[in-house]
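What follows is a set of notes on a single structure, which appears directly below.
The values are calculated or read from the model by the stated rules, or taken from the named source; none is laboratory data. Because the structure is predicted, anything quoted here is derived from the model rather than measured. Using ideal geometry, Cβ is built from the backbone for each residue, glycine included, and neighbour counts are taken over all protein chains shown.
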Amino acid sequence: MGAGALSAAVVRLLCARQRPKHISITAYEIDTTLIEPLRVTMVECRRHCERAGISFSATVFNEDLIATAMHEVQGYSIQVNTRVAGHDPNTS
């Protein structure tokens, strides 16, 4: 298994079964040594989509997905629903 193997497997499955009009992948990889292999995988995905008549786009970021996501949600309140069926945590 290489960089982007799961994405490539999903692309092959979509091309074979779902046949969407477009597939778009946004990939994050923190390990700089895996960026080029990931880009190669995205090129292979593009070729697979072209053969199936599906447009394809991919963006590869050499960043930490979790850190990026945390930055995106900073300032937003996250509410967790703790209510369990038949039990209200505010009344016990």
Of all residues making up the stretch 47-68, the number that are of a type outside the set (Ser, Thr, Tyr), loosely packed, with under 11 Cβ neighbours inside 10 Å and not in a helix (DSSP H, G or I)
1
Subset of the stretch 2-35 (residues that are surrounded by fewer than 12 Cβ atoms within 10 Å (Cβ to Cβ) and either of a type in the set (Asp, Glu) or at positive phi (or both)):
Arg19, Asp31
Under the condition of being of a type outside the set (A, V, I, L, M), over 15 Å from Thr59 (Cα atoms) and not in a helix (DSSP H, G or I), which residue from the stretch 1-46 is modelled with the lowest pLDDT?
Gly2
